[in-house]
Amino acid sequence: MTGKAATYVEEMYIETKERYEIICITQEVERVVRASGIDDGLVLVNPMHITASCYVNDLEYGLHHDIMKWLEKVAPFYGRDGKSGEEYHHHRTGEDNGDAHLKRQLLGQQVTMPVSSGRLHLGRWEQIHYAEFDGQRRKRILIKVVGIITE
Amino acid sequence: MTGKAATYVEEMYIETKERYEIICITQEVERVVRASGIDDGLVLVNPMHITASCYVNDLEYGLHHDIMKWLEKVAPFYGRDGKSGEEYHHHRTGEDNGDAHLKRQLLGQQVTMPVSSGRLHLGRWEQIHYAEFDGQRRKRILIKVVGIITE
Amino acid sequence: MTGKAATYVEEMYIETKERYEIICITQEVERVVRASGIDDGLVLVNPMHITASCYVNDLEYGLHHDIMKWLEKVAPFYGRDGKSGEEYHHHRTGEDNGDAHLKRQLLGQQVTMPVSSGRLHLGRWEQIHYAEFDGQRRKRILIKVVGIITE
C-alpha cells in the first residue's frame, strides 16, 4: 500500500493514585491513532519517564497483581535505608526509587504497535498498558504514529 | 534516501508441537520483507498473543535450552493448584498459564528490525525467533513493513 | 504532518575497555538524527550483536552499577567450567558468554525513539544507553531514522 507519508504525535498526561499501579491505555492510544488521520503504519507508545513501562498483555486484574508481585520479587524495593547491605547505589543521590528503574527494564520499556485501516491492529487479547513504579505525580506518555495517508 | 511511502502487513500462522518451544523465523520475516516490495525502512515482528515473545538472539540450540531454563527459574510455572501459596491470581480465571504472561515480558515482547536494499539488515549472528509459552494451538505473528519504495 | 518519505541509516562502531560496560550514546544518536535531514519520525537504535543491549534510562553512575549488579544476580556468569551443575549448554560450543545472551534480553534488546523538529524527542531524564556484556572487541550499533522531510 502506498500513500502520502505522514506523522502525528501527542503527549498524554497521567497521574496514578498509588506509587505502583497498572492502567490500561488501549482506548487512549486508539483515540490518538484516529486523531492522526493516518491509515496505515506504526504507533510508538513510550513513557517519557524512566520509572515506568508501556507493555502489551492481558487486561485481567489477577494478572496485574501477579505482574507487580513478580517485579517486586525480581527487583525489590529497598527504600533509602538499605537492607543487609543491599541498598541501591542510586539511592546515594537521595532518591529511593532504584527498584522502579529496574522494574521498568524487566517488564519492558515501550511498545510499537501496528495500525491498519486507521485503527490499532491488535490480536484478540492484546491490550496496551502503562505500569507506574514511582507515581502519585504527573507523568507523560508519548504516542507517535508514523505511516501513510492513502490517496 | 527518499521515495514513495509504503506499508505492507502479513499475519503468519504458527502452531508448536510443544507447550514451550522456540522457533527461528528469520526466513519467514525475510520472505515478507521481499513480498512487501519496500526498499528501505523498518519491519515490526509482533506476536498477536500475550503468551509468546518475538526476540533476536543466537540460533544455537544450547542457548535455546538455556533461555527456557532461565525463564522457568525467574518466572516459574505453578499450574492451577498452587505451590506453597504461590499460585498466580490469574489462575482464578480458570487459566493455568500465568507463567507464560510473565515469561513473555522477561524475554521481550517484540522486535523492530531494519530493512535496507529490500532485505533484512542484520548483524552476523542476529536471528529473529518466536518463543511460545502456551502452545499446541494455532497462534498468529504480525509482520509489518513500513518504509519507502525508491523512485 | 505530511512530507516526503525518507530513511537514513548509520552503523556506529564501539569497543568497550571492560567486558561489562554501560555507555551513554544519546549524543551519537542525536548526531545521526541531524545527519538524516529527517524532520519527523522514529529512530531505531539496535545493537547488531546478541550480547549487548540498547536501552533508555537515567544517566546516573550509581544506577549503572545497580543495573550491572542486578543483571548478574538474575542471569549469572558461570564461565566454561560450570558451577554446581549450572553450566549453560551454550558453553558446549566453546563460548563462555551464556550470561551475556540472557542479560541482553533482561535489560531490553533495542529501543525505538521519537523524532520531532529534526531532534530526538525525549523526556527530561531519558538517555539512550549501550550496555555491553561481552566487550573488549569491536561491535556495531545500527541507528536508523524513518520519517518525513517536510515540504
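Summary of computed values
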read-out	value
Pairwise centroid distance, computed over Cα atoms, of segment B:18-50 with segment C:124-151, Å	22
Top positive-direction residue, dipole computed over the protein assembly as shown with Cβ charges, set B:A100, C:V43, A:G147	A:G147
Spin-label pair A:E11/B:Y13, simplified geometry with 7 Å Cα→Cβ offset, distance in nm	4.6
For segment C:124-137, 3J(HN,Hα) per residue [Karplus equation, 6.51 cos²θ - 1.76 cosθ + 1.60, θ = phi - 60°, Hz, x = Gly/Pro]	3, 10, 6, 10, 8, 10, 10, 10, 9, 10, 7, x, 6, 8
Dipole magnitude (debye, nearest 20) for chain B, charges at Cβ of Lys, Arg, Asp, Glu	200
Lys pairs under 28 Å by Cα in segment B:1-90, provided they are eight or more residues apart or on distinct chains	5
Coarse-grained scattering of chain B at q = 0.15 Å⁻¹, given as base-10 log I(q)/I(0) from a Debye sum over alpha-carbon atoms	-0.78
In segment B:96-151, trypsin sites (Lys or Arg not before Pro) in a DSSP loop with at most 13 other beta-carbon atoms within 10 Å	B:R124, B:R137, B:R138
Residues with amide H under 5 Å from that of A:V115, placed H, sequence gap 5 or more	A:G41, A:L42, A:V43, A:H121
A:M48 long-range amide H proximity, modeled H, under 5 Å	A:R140, A:I141, A:L142
Segment B:82-146: GluC sites (Glu not before Pro) in DSSP loop, at most 12 other beta carbons within 10 Å	B:E86
Axis proximity, chain A to C: residue whose C-beta lies nearest, plus whole-Å distance	A:A5, 2
Mean accessible surface per residue for the protein assembly as shown, computed with a 1.4 Å probe while every protein chain stays in place, in Å²	39
Furthest towards positive pole of dipole, A:C24, A:G3, A:I14, structure part segment A:1-59, Cβ charges	A:G3
On Cα atoms only, tilt of B:98-107 relative to the major axis of chain B in degrees	40
Solvent-accessible area, 1.4 Å probe, carbon plus sulfur percent, for chain B	46
Shielded by partner chains, segment A:126-140 residues - at least 20 Å² of accessible area, 1.4 Å probe, vs chain alone	A:E126
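The values are calculated or read from the model by the stated rules, or taken from the named source; none is laboratory data. Keep in mind that what you see is a predicted model, and the values were worked out from it rather than measured. Please note: Cβ atoms are built from the backbone with ideal geometry, for glycine as well, and neighbour counts cover all protein chains shown. Just the protein is used for accessible areas: all its heavy atoms, side chains included, with ligands, DNA and RNA removed. Shrake-Rupley method; radii C 1.70, N 1.55, O 1.52, S 1.80 Å.
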